[in-house]
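Reading through the structure tokens given below for one structure.
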Amino acid sequence: MSRGPVRRPTQADIARLAGVSQATVSLVLNERDSDVRISPATRERVLAAIREWGYVANASARSLAGGQNKIIGVFTFEPVFPTTSVDFYFPFLLGMEQAAAELGYDLLLFTSLGGERQVFRDGSTRLSLADGALLLGRDPNVEEIQRLRDTGFPFVYVGHREVSGAPVSYVAADYATATQQLTERLFELGHRRVAYARIGDGDAQPSRDREKGFRRAMPAGEARRLTGPVWTLESADDVAGLLAEIRHGGITAVVAEQVLLAEELLACAQRHEMSVPDDLSIVVLGDSTGARRTGTPWTGLVVPREQMGRQATHLLARLLEAPEPDARRENVECPLTPGATVASPRRQQ
């Protein structure tokens, strides 16, 4: 269902919602009521409308064409600066900064003090200090994303993001296509039993997208012969059991979601005198969370984080300059890396 063009609420909107004049809204905002009495009930009605709709007064915006500050906000659902987040967030931010500079926008990074990071606090959002915002994070609060959408505030999510109700605009890595291509490459090399494995939450959107590509690569009518199971491990400690299942099931290739899983699987295979890739081919799907960086030249895909940041910034700028009634969703191609961990199977199954 179309929501109509999105825009920031104005004083006139707040006045209409509160059932007062725009002058009254201005008096409440500027606390200039020494000569004009405003009843507590009226003041509270105005403040309630401001909190509900996220209005932020900004005098400088009124002097700019179109009422814009030329500021794009960046909000992350996890802290950006811990060293464990560097590999994940830095490329996104680099792409955003480059694109914002090209487009003539400044970036404003929003952070939260302690506890869970929140878009909304005390019924309103500080994001309205910017013209629009880029949202990203591995574990977002979907309810807050939906609430932000319902305020009409312009934003683009960096990553595939499905929500209840009206869709939201996003720019995502095309995991499904890249995973399908990598799996089909294994089939072309002669593998007849290929399995998919991951550590952690298989319900996360990036994980679902990758698995979709794996399943899409299964040729019609040959699925039972060509494919193995999809495994979800609780932790890297379960890899020894995984390898036992691989050997018992005659599987010759594994599509591993995380680099960490591939590292553990390689080490476990070597302890059992199995060769990678001759006895077991391993494809890695780009999730570097917790990886130890062993230097192995993995065959797999690259998550195009920098390009995603750039493209999301350009999309948001277009939506700010020419609002559209419907959400926009764009995919970014994931480059493939040939690596050295895939080969034809030594023994045909």
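The values are calculated or read from the model by the stated rules, or taken from the named source; none is laboratory data. Fair warning: this is a prediction, and the values are worked out from it, not measured in the lab. Positions of Cβ are backbone-derived with ideal geometry, glycine not excepted, and every protein chain shown enters the neighbour counts. The protein model used for the area step is the full one, side chains on, heavy atoms only, and it has no ligands, DNA or RNA in it. Shrake-Rupley method; radii C 1.70, N 1.55, O 1.52, S 1.80 Å.
On inspection, Gly339 passes the criterion of being assigned to a loop (DSSP other than H, G, I, E, B) and not aromatic (Phe, Trp, Tyr).
Answer with yes or no whether Phe92 is at pLDDT 85 or above and closer than 30 Å to Gly290 by Cβ. In short, yes.
Taking the criterion of being at pLDDT 70 or above, loosely packed, with under 15 Cβ neighbours inside 10 Å and either part of a helix (DSSP H, G or I) or of a type in the set (Phe, Trp, Tyr) (or both), the residues of the stretch 53-89 that qualify are Phe81, Asp87. Take the residues in the stretch 148-163 that are farther than 19 Å from Leu320 by Cα and open to solvent by 20 Å² or more (accessible area, probe 1.4 Å); name whichever of them is farthest from the chain's Cα centre (by Cα). Applying the filter and picking the extreme gives Val163. Taking each residue of the stretch 170-190 that is more than 17 Å from Pro277 (Cβ to Cβ) and touching a residue at least 40 places away in the same chain (Cβ under 8 Å) and looking for partners that are open to solvent by 40 Å² or more (accessible area, probe 1.4 Å) and aliphatic (A, V, I, L, M) with beta-carbon atoms closer than 7 Å, six or more apart or interchain, yields Ala178/Leu336; Gln181/Leu336. Of all residues in the stretch 287-304, none that is more than 11 Å from Gln258 (Cα to Cα) and open to solvent by 30 Å² or more (accessible area, probe 1.4 Å) has its Cβ atom under 9 Å from the Cβ atom of a residue that is at pLDDT below 95 and of a type in the set (Phe, Trp, Tyr), 6 or more apart or on another chain. Selection of the stretch 164-192 for residues being surrounded by fewer than 17 Cβ atoms within 10 Å (Cβ to Cβ) and either within 13 Å of the chain's Cα centre (by Cα) or of a type in the set (A, V, I, L, M, F, W, C) (or both) yields Ala166, Leu189. Just wondering, is there one or more residues in the stretch 111-126 that are open to solvent by 20 Å² or more (accessible area, probe 1.4 Å) and in contact with a Ser or Thr (Cβ under 6 Å, 6 or more places away or on another chain)? There is at least one residue in the stretch 111-126 that is open to solvent by 20 Å² or more (accessible area, probe 1.4 Å) and in contact with a Ser or Thr (Cβ under 6 Å, 6 or more places away or on another chain).
Taken together, the criteria place Leu336 among residues that are hydrophobic (A, V, I, L, M, F, W, C), open to solvent by 10 Å² or more (accessible area, probe 1.4 Å) and touching a Leu at 6+ places or on another chain (Cβ under 6 Å). Checking each residue in the stretch 317-332 for being in contact with a helix residue (DSSP H, G or I) (Cβ under 9 Å, 6 or more places away or on another chain) and surrounded by 13 or more Cβ atoms within 10 Å (Cβ to Cβ) picks out Ala317, Leu320, Glu324, Ala327, Arg328, Glu330, Asn331, Val332.
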